[in-house]
Amino acid sequence: MSRMAKPHMVIAVASLSLLASCDNGAGEAGPVDEAAVAARSAPVAQEFQQKLKAELVAALSNGGPEAAVSVCRQVAPAIAAAASEESGAEVRRIARKHRNPDAGVPAAMESQYDALAAQPLSDGKPAVRIWRSGEGENARIHYLSAIPMQDQPCSVCHGTNVDPALKQHIDDLYPGDLATGFKPGDLRGAMLISWSADTFR
């Protein structure tokens with residue numbers, strides 16, 4: 001019959017198990033501090049959305065929908081680049097039904113995007129997903145915030161009844177465009193804010 005384990009051995013094994021459960025590969029920290037990630041990411045996402053919306057509303061007022069599409073094509077990447085430089089994160093929009101193929105959903109993020117698509121709103125606000133990927137120097141923490149379809153001004157260019165002349169203009173700028181046919185409340189896309197994991201150590 002084997003002897004009963006000594007108390008100090010049991011404690012040592014339990015301690016090792018605890019350390020293993022807290023480790024997330026290559027010395028990565030344990031659970032992500034979602035509150036800290038949200039507190040730092042949400043203002044970046046909100047500022048991006050506010051700046052882009054202001055540009056689009058102005059373009060719609062001054063030049064109509066075609067001007068808004070052209071402005072969005074030029075301004076949105078510039079706003080994202082400025083936000084990335086200022087925050088230190090990678091800031092961009094992604095969508096499954098995208099207008100720009102470069103803004104497609106990365107394969108590794110499809111499950112997170114699907115979760116937003118299933119429920120774009122949470123307590124009346126855009127739903128959010130936060131998670132860690134990678135290991136060591138490549139470890140990243142991602143903040144993905146839903147962009148639910150709004151009736152105005154979004155439906156003009158992304159809705160179910162886009163003017164044919166406008167759709168032709170969109171197709172000229174974005175061959176193979178997929179970003180129409182949305183109804184209010186649908187997941188139009190998502191804001192992706194990706195940080196080095198070291199940011200939250």
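Quick notes on this one:
- Filter pass, N161 being more than 18 Å from S194 (Cβ to Cβ) and exposed (fewer than 14 other Cβ atoms within 10 Å of the Cβ): yes
- Test: residue in the stretch 31-51 that is small (G, A, S) and at pLDDT below 95: no
Per-residue answers, yes or no, for (1) in contact with a strand residue (DSSP E or B) (Cβ under 9 Å, 6 or more places away or on another chain); (2) over 17 Å from H142 (Cα atoms); (3) surrounded by fewer than 15 Cβ atoms within 10 Å (Cβ to Cβ):
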site: Q49; (1), (2), (3): yes, yes, no
site: S61; (1), (2), (3): no, yes, yes
site: G64; (1), (2), (3): no, yes, yes
site: V71; (1), (2), (3): no, yes, no
site: A76; (1), (2), (3): yes, yes, no
site: A80; (1), (2), (3): yes, no, no
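- Taking each residue of the stretch 135-159 that is assigned to a loop (DSSP other than H, G, I, E, B) and looking for partners that are charged (D, E, K, R) with beta-carbon atoms closer than 7 Å, six or more apart or interchain, yields E135/E28; A139/E28; A139/R132; M149/K183; M149/D186; M149/R188; C154/R188.
- Matching entry among R96, R132 (being of a type in the set (K, R) and part of a loop (DSSP other than H, G, I, E, B)): R96
- Within this structure, R129 passes the test of being within 14 Å of A190 (Cβ to Cβ) and not hydroxyl-bearing (S, T, Y).
- Residue within the stretch 47-58 that is closer than 23 Å to T199 by Cβ, part of a helix (DSSP H, G or I), polar (S, T, N, Q) and within 15 Å of the chain's Cα centre (by Cα) present: yes
- Pairs, first under 25 Å from Y174 (Cα atoms) in the stretch 101-122, second part of a helix (DSSP H, G or I) and at pLDDT 95 or above, C-beta under 8 Å, six or more apart: V105/Y113
- Against the list (1) in contact with a Lys or Arg (Cβ under 8 Å, 6 or more places away or on another chain); (2) over 24 Å from A58 (Cβ atoms); (3) part of a loop (DSSP other than H, G, I, E, B), the condition K183 fails is (1).
- You will find that of L192, L166, the residue that is over 29 Å from V128 (Cα atoms), touching a helix residue (DSSP H, G or I) at 6+ places or on another chain (Cβ under 9 Å), outside any loop (DSSP other than H, G, I, E, B) and not β-branched (V, I, T) is L166 and no other.
The values are calculated or read from the model by the stated rules, or taken from the named source; none is laboratory data. Quick caveat: nothing in here was measured; it's all calculated off a predicted structure. Every residue, glycine among them, receives a Cβ derived from its backbone with ideal geometry; neighbour counts consider all protein chains shown.
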